[in-house]
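To start, the structure under review is shown below, and the notes come after it.
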Amino acid sequence: MYALRHILGFFLGAAITAAFVALLLPPSPSPSPSPSPCPCGRTPPADHKLASLDQAAPKKLDTGVNNAARKPEEDDDEKLAELLRSAAMDDNTIIMTFTNEAWTAPGSLLDVFLESFRIGVRTEPLLKHLVIVAVDGKAFEGCQRVHPLCYRLASMVDFAAEKSYNTPDYLDMMWARNKFQARVLALGFGFVFTDVDIVWFRNPLLRIPVGADIALNCDWFYGDNPYDLNKTANGGFLHAKPRARTQAFFADWYAARTRHPGEHDQFVFDQVKHELAARHGVTVQFIDTQYLSGRCEPRMDFRKLCTFHANCIIGLQYKLEYLTGVLDEWKRFKAQEELLGTNSTALTY
């Protein structure tokens, strides 16, 4: 009996010890499935799966910008600002014009416009500051064929065809132009806006005083006071400086269109110029037509003339024929002056 109890005690103690040891030992790893061979017949390395995951989900750099919260117009403003910086003069001024498919077609107004820069007096270097704003896709394609600085203005309106004066599409295009000018100012750039039906002979900026916030063309320059706001404005040539008061002027000018429905920006400017100049303390100057002439008041002294505008002419073909004739006159004048050599100062500035 004693021997039996001794044997049972021995086996019970052994079982308890084995169980205790089993609890202390780490679990043995389960066998991994054999990796399937890769197509090339070689077994992938042990870290193949980890490397694949890293490639599939690369780490994102923290740029500090929440791209999901950005608006499309913000991205477009950045692209526009980059283009304007590449075109800007030392004082952050750019030259710009608007064009559509009809005006950009080969042999049309854009060709005459660009040619005038190339044959003017010290005007060809100004082309590197010129931004051509295309209001439709065909105009943008045409611009890219002839000029490096082109911008496509997004619009819900079809501006491709020639627009008759004061039609609804024409008015929409004029106000889109005005809004874009304000946008350029808001981005911190001054501008010289020139219609594409203007030919350039000299740099008109030399005729604009530093103190003017806004300087523009007029159809008729009467009297001798360039700051007389009673003159009739022509927005075909417009210079504006990127000052806070100028931006405020443009914002209120655009807003005033609702007070004058069915009217273009030039008409509205003449209705509100006294009010807005006083409200914002803006200095407005009208440039003498002996320097910025046009068909309305043609003053053709090529020794002084900076630009010539095909204003007071309706119709693309009539404008084109008239400007081609003016450019031919300029070429003859320039050839005669070049024959005089140092005896002529008409081509020095």
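Along Cα→Cβ, 7 Å out, is where each label goes; now give me the distance between the ones at W175 and E297 in nm to one decimal.
Inter-label distance under the simple model: 3.0 nm.
Quote the relative contact order of region 71-341 in percent (integer), defining contacts as alpha-carbon pairs under 8 Å separated by 6+ residues. Let's see the in-between values first.
Working: 456 pairs, mean separation 52.5, N = 271.
Value for region 71-341: 19 percent.
Counting only other residues whose beta carbon sits under 14 Å from that of P125, what net charge do I get with K and R as +1, D and E as -1? If you can, show how the numbers build up before the last one.
Numbers: positive: R118, R122, K128, R202; negative: D90, E124.
Here the count lands on +2.
Here is the link list: K231/K273; K241/K273; K179/K241; K128/K304; K128/K241; K241/K304. Which ones come out longer than 21 Å on Cα distance?
Numbers: K231/K273 10 Å; K241/K273 16 Å; K179/K241 15 Å; K128/K304 24 Å; K128/K241 19 Å; K241/K304 25 Å.
Over 21 Å Cα-Cα: K128/K304; K241/K304.
In whole Å, what is the distance between the alpha-carbon centres of region 83-124 and region 277-349?
Centre-to-centre (Cα) distance: 16 Å.
Just to be sure I understand the model, the point goes 7 Å from the Cα along the line to the Cβ. What's the resulting E82 to A278 distance in nm?
My value for the distance between the label points is 4.6 nm.
What number comes out for the charge environment of E321, summing +1 per Lys or Arg and -1 per Asp or Glu over other residues with Cβ under 14 Å away? Walk me through the numbers on the way to the answer.
On the way: positive: R295, K319; negative: D111, D197, D328, E329.
For residues surrounding E321, the net value is -2.
So, in nm, how far is label I314 from label A105 when the simple model puts each one 7 Å beyond its Cα toward the Cβ?
The answer from the label model is 2.1 nm.
Arranged from highest to lowest average of other beta-carbon atoms within 10 Å per residue, in what order do the peptides 167-174, 253-260, 290-297 appear?
290-297, 167-174, 253-260
What net charge do the residues around Q336 carry, taking every other residue with its C-beta under 15 Å from that of Q336, with Lys and Arg at +1 and Asp and Glu at -1?
Working: positive: R303, K331, R332, K334; negative: D301, D328, E329, E337, E338.
Taking every Cβ under 15 Å from that of Q336, the sum is -1.
Which percentage, to the nearest 5, of the DSSP beta bridges contained in region 71-341 is antiparallel?
On the way: 12 of 30 bridges.
Antiparallel: roughly 40 percent of the beta bridges in region 71-341.
A short reminder: the numbers here are calculations on the coordinates, not readings from a lab. Bear in mind the structure is a predicted one, so any value in this text is a computation, not a measurement. Glycine gets a Cβ as well: all are built from the backbone with ideal geometry, and neighbour counts include every protein chain shown.
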